1. Along the charge dipole of segment 50-157, Cβ charges K/R +1 and D/E -1, which of His100, Asn57, Leu140 sits furthest on the positive end?
2. Just how many % of Cα pairs in segment 101-158 lie over 14 Å apart, if you round to the nearest whole percent?
3. Find out how many positive minus negative residues lie around Asp134, taking Lys and Arg as positive, Asp and Glu as negative, among other residues whose Cβ is under 13 Å from that of Asp134.
4. Out of all Cα-Cα pairs in segment 50-157, roughly what percent, to the nearest whole number, are more than 24 Å apart?
5. GluC sites (Glu not before Pro) within segment 69-158: which are DSSP loop residues with at most 14 other Cβ atoms inside 10 Å?
6. If one computes the Cα centroid of segment 123-158 and of segment 50-101, what distance in Å separates the two points?
Amino acid sequence: MSTGTDRRDFLATAARSVGFAICGAMLGSLTQACETDLVRPAEDQSTGDRATLTLSNEPDLATDGGAIKRQFGTANAGNPVIVIRLSATQFVAFSAVCTHQGTIINLPRNGSNVMVCPRHEEEFRITDGTPQTDTAPSPLKSFPVAYNAADNSITIVF
Ligand code: FES
C-alpha cells in the first residue's frame, strides 16, 4: 500500500519536474527572442553619452547646409537634437529645445543661416546657436561633433 503511494508520489513529482523543465526551456527561448527585438536601429547608436552616424546613411547631411532633427535615446533628456553640416568636415549639433519657453525649433530652411522657433519666431544662428533677438535669453545648448574621415561618420558627444 505504501509502495503504491510512494510510486504515485514519485511519478507525480517526476511529471512536475519535467513540466518545469519544459516551461523553463520555453521561457529561455522567449527571453532570447525579446532581447533580439531590443536591438536598436542602425541610425540610433546612442550609448547614453555619444551617438555615431554613418554619413552614407544620412542623405540629408550629404551637402553643406544639410540638417537633420532626431532623438538619440535619452541624450538631451530625450529631446530632439539638430545636426547641421557646415562644410565637408565641419558639423554642429544643438538641442532643438528653444531657450525661451521650450518649444522645439525648426530645421534651417534651405540655404538659411538660422533655425527658427515656431512659437515666437526667435532665430538661432546655425554656426553657434546664438539667438538673433532678445526673445530667447541664451544660445541653444550645443554638443561637440567629431568628423571621422576614416569611416565617413560623425560622433556627437552628449
Ligand atoms: S518659445 Fe521659442 S521664441 Fe518663444
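1. Checking the options against the dipole of segment 50-157, the answer is Asn57.
2. 60
3. -3
4. 19
5. Answer by residue number: Glu121.
6. 8
Every read-out reported here was derived from the displayed coordinates using simple, explicitly stated rules and does not represent laboratory data. All of these numbers come straight from a predicted model, not from anything done at the bench. Note: ideal-geometry Cβ built from the backbone for every residue, glycine included; neighbour counts use all protein chains shown.
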